[in-house]
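Peer 1: My structure is below; once you've seen it, I'll send some questions.
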Amino acid sequence: MADVTTLSRDEIAARLSAPPAERAAFLRACAEAGEAEAQAVYGQMLLDGIGVAKDPRAALGWFVRGAAQHHLMAINMVGRCYDLGWGTPPDKRRAADCYRIAAERGLDWGMYNYATLLALGHGVAEDKAAALAWFRKAAALGNAKAINFVGSFHEDGWVVERDMAAAALCYARAAKGGDFRGCFNHARMLGAAGRIEDAIGWLKRAGASATPAFVEKAAAWLAASDLPAFRVRGVQAIRAAAC
């Protein structure tokens with residue numbers, strides 16, 4: 001492979017649009033040349049097994065190298081690895097430290113992940129007020145998952161007064177932003193308002209991008225719903241979309 005430092009912008013774009021295995025090889029060369037962005041992206045490819053064999057331990061190593069260069073997403077991903085035990089034993093405290101650093105430096109995903117640990121009391125003392133503040137900061141940057149979580153605070157009355165209208169607005173924004181939990185919660189609100197057909201459409205969108213575990217959890221909730229349409233059509237919609 002040619003020296004990556006000598007490639008033109010068009011040549012780099014061509015390498016990045018190549019098939020996964022070729023793109024992975026190019027990114028590895030860039031990562032080995034010390035490019036922090038490439039280290040973060042190549043680490044993600046190793047984590048997902050895209051273009052290379054899945055290797056969480058090696059992924060963590062590349063994230064650490066990127067983090068050492070103050071790459072914010074790499075710092076966040078080191079946190080994810082410690083949070084979820086990818087390539088290392090889980091360590092929620094270390095995960096929280098990484099998320100906090102990324103959050104304080106302005107990364108919306110760092111804000112979201114740190115807020116989640118604060119809300120649950122994992123790796124840090126539970127502090128729902130601080131969690132909401134970080135979720136709101138991430139939401140202001142357009143993070144759809146954070147917007148959905150702000151909606152949950154309003155629906156459940158955590159820190160703020162219970163406000164179903166505010167919750168519904170957040171869920172609608174999160175759904176339109178592509179968050180599958182937002183899609184599901186938006187569907188719940190639409191169903192409660194009698195807008196069944198609209199709700200079914202959003203359940204399909206939720207199922208199309210949700211994790212298998214979430215689909216089953218959502219289907220169980222729908223099956224126990226007071227709405228007959230949710231008990232049958234809703235369950236069918238979210239499961240069919242996930243196939």
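Peer 1: Would you please report the Å³ per residue occupied by the convex hull of the alpha carbon atoms in region 11-83? Mind showing how you got there, number by number?
Peer 2: Details: hull volume 5.3 nm³, N = 73.
Convex hull volume per residue, Cα atoms: 73 Å³.
Peer 1: Separate question: How much net charge surrounds Ala21 when only the other residues with a Cβ under 15 Å from the Cβ of Ala21 are counted, with Lys and Arg +1 and Asp and Glu -1?
Peer 2: Working: positive: Arg15, Arg23, Arg28, Lys54; negative: Glu22, Asp48, Asp55.
In short, +1.
Peer 1: Follow-up question, since we're still on this one. Can you give me the span-like helices of the chain, meaning DSSP H runs with 15 Å or more of Cα extent along the axis and Kyte-Doolittle mean at or above -1.0? Kindly include the intermediate steps, with their values, before the conclusion.
Peer 2: Working: long enough: 20-32 (18 Å, 0.04); 36-48 (18 Å, 0.26); 56-68 (18 Å, 0.44); 72-84 (18 Å, 0.86); 92-104 (18 Å, -0.88); 108-120 (18 Å, 0.41); 128-140 (18 Å, 0.46); 144-156 (18 Å, -0.07); 164-176 (18 Å, 0.85); 180-192 (18 Å, 0.07); 196-209 (20 Å, 0.02); 212-223 (16 Å, 0.83).
Correct list, ordered by number: 20-32, 36-48, 56-68, 72-84, 92-104, 108-120, 128-140, 144-156, 164-176, 180-192, 196-209, 212-223.
Peer 1: Among the lysines, which fall within straight-line cross-link reach of Lys92, defined as a Cα-Cα distance under 29 Å, with same-chain neighbours fewer than 8 residues apart omitted?
Peer 2: The qualifying lysines are Lys54, Lys128, Lys137, Lys145, Lys217.
Peer 1: Considering the values [x] 1.15; [y] 0.93; [z] 1.10, which represents Cα Rg over 2.2 N^0.38 Å as calculated for the structure under consideration?
Peer 2: Computed from these coordinates, Cα Rg over 2.2 N^0.38 Å corresponds to label [x].
Peer 1: Accessible surface of Glu126 in the full protein assembly, 1.4 angstrom probe, to the nearest 10 Å²?
Peer 2: 120
Peer 1: Using every Cα-Cα pair within region 161-239, state what percent have a distance larger than 15 Å. Before the final figure, lay out the partial values.
Peer 2: Working: 1492 of 3081 pairs.
In whole percent, the share of Cα-Cα pairs in region 161-239 beyond 15 Å is 48.
Peer 1: Net charge near Gly191, counting Lys/Arg +1 and Asp/Glu -1 over other residues with Cβ under 12 Å of its Cβ?
Peer 2: Working: positive: Arg188, Arg195, Arg231, Arg233; negative: Glu197, Asp198, Asp226.
Computed value for this residue: +1.
Peer 1: Given a Förster distance of 22 Å, report the FRET efficiency between Glu161 and Asp226 from their Cβ-Cβ distance, rounded to the nearest 0.05.
Peer 2: Working: r = 25 Å, r/R0 = 1.13.
For Glu161 and Asp226, the calculated efficiency is 0.30.
Peer 1: Let me ask another. Using the Cα centre of the chain as origin and beta-carbon charges of +1 (Lys, Arg) and -1 (Asp, Glu), tell me which of Gly66, Cys98, Tyr114 is placed farthest towards the positive end of the dipole.
Peer 2: Positive-most Cα among the choices belongs to Tyr114.
Peer 1: For the chain, what is the accessible area per residue in Å², given a 1.4 Å probe and the full set of protein chains? Please report the intermediate quantities before stating the final value.
Peer 2: Values: 12100 Å² over 243 residues.
For the chain, the solvent-accessible area averages 50 Å² per residue.
Peer 1: While we're looking at this one, here's another question. Calculate the dipole size of region 148-188 relative to its Cα centre from +1 charges on Lys and Arg beta carbons and -1 charges on Asp and Glu beta carbons; express the result in debye to the nearest 20.
Peer 2: Values: 5 positive and 5 negative charges, 40 e Å.
Approximately 200 debye in magnitude.
The values are calculated or read from the model by the stated rules, or taken from the named source; none is laboratory data. In this text the structure is predicted, and so the values were computed from the model without any measurement. Methodologically, a virtual Cβ is constructed for each residue, glycine included, from the backbone with ideal geometry; neighbour enumeration extends over all protein chains shown. For accessibility, only protein heavy atoms count, side chains too; no ligands or nucleic acids. Shrake-Rupley method; radii C 1.70, N 1.55, O 1.52, S 1.80 Å.
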